[in-house]
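Below: one structure, written as structure tokens.
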Ligand SMILES: C[S@@+](CC[C@H](N)C(=O)[O-])C[C@H]1O[C@@H](n2cnc3c(N)ncnc32)[C@H](O)[C@@H]1O
């Protein structure tokens with residue numbers, strides 16, 4: 001809503017907030033990583049976006065009063081969290097009664113999915129099954145009012161290269177597992193398939209929205 005105050009939890013460079021900046025009055029991005037937020041600040045400045053603020057802090061213990069936001073959203077971050085329950089609880093605490101919490105993330109694809117994601121990027125903790133994300137939102141005192149999903153195919157090589165933290169050896173291990181699956185071997189949970197002669201992976205993304213009682 002145009003007058004809303006929105007908290008972008010683990011918002012990094014604030015891509016979501018910057019993109020949606022004309023949809024609400026104020027966006028606050030909170031993240032642990034200062035360098036990423038500095039890049040976000042510069043990006044917002046270049047884009048002429050003036051209603052996105054950046055705050056350094058831990059999403060599991062946020063420096064905000066109770067009920068000061070209309071919406072708290074977190075995109076592609078829950079699979080990096082050590083304590084998703086504490087973060088969801090904090091999101092619910094800082095949103096007003098009747099406000100909304102939204103989680104957008106990839107979900108656990110089963111089999112070796114999380115193990116291979118961690119090999120690719122050691123900052124990956126766990127992609128959770130959708131039911132656990134739903135439980136987190138319900139446990140934090142919200143009822144689910146909207147849900148959407150998307151199956152996202154990604155060419156494997158660029159997907160591996162984008163994770164700058166990965167080592168050559170780890171990359172080879174992930175590629176090896178994908179090729180094994182393609183050849184009829186063990187399932188990876190990443191649904192390896194061929195497209196235009198390239199190996200692709202497929203992730204399942206969900207959007208869940210909870211309304212706080
Ligand atoms: C994959 S990035 C996603 C960034 C952003 N949400 C987006 O969609 O572009 C995950 C972010 O979570 C942040 N993060 C991880 N744990 C955190 C925590 N406990 N508190 C705050 N930020 C955290 C990282 O610093 C990183 O910027």
Condition set surrounded by 15 or more Cβ atoms within 10 Å (Cβ to Cβ) and within 15 Å of the ligand (Cβ to nearest atom), scope the range 23-32, selection nearest to residue 77 (Cα to Cα): answer is 31
Of the residues in the range 2-24, those that are in a loop (DSSP other than H, G, I, E, B) and out of contact with any strand residue (DSSP E or B) (no Cβ under 6 Å at 6 or more places or on another chain) number 4
Filtering the range 25-40 down to residues that are in contact with a strand residue (DSSP E or B) (Cβ under 6 Å, 6 or more places away or on another chain) and free of Cβ contacts under 8 Å to residues at least 24 places away in the same chain yields 34
Picking from 45, 115, 82, 35, the residue that is within 12 Å of the ligand (Cβ to nearest atom) and either surrounded by 21 or more Cβ atoms within 10 Å (Cβ to Cβ) or in a helix (DSSP H, G or I) (or both) would be 35
Residue 105: passes all of (1) without any contact (Cβ under 8 Å) to a residue 60 or more places away in the chain; (2) within 23 Å of residue 165 (Cβ to Cβ); (3) surrounded by 18 or more Cβ atoms within 10 Å (Cβ to Cβ) but (1)
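Every residue, every condition in (1) outside any loop (DSSP other than H, G, I, E, B); (2) within 16 Å of the ligand (Cβ to nearest atom); (3) within 22 Å of the chain's Cα centre (by Cα); (4) closer than 30 Å to residue 89 by Cβ, yes or no:
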position	(1), (2), (3), (4)
125	no, yes, yes, yes
132	yes, no, yes, yes
164	no, yes, yes, no
186	no, no, no, no
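Just so you know, all these numbers are worked out from the coordinates, no wet-lab data involved. Owing to the predicted nature of the structure, the values given are computational and were not obtained by experimental measurement. Cβ: placed from backbone, ideal geometry, glycine included. Neighbour counts: every protein chain shown.
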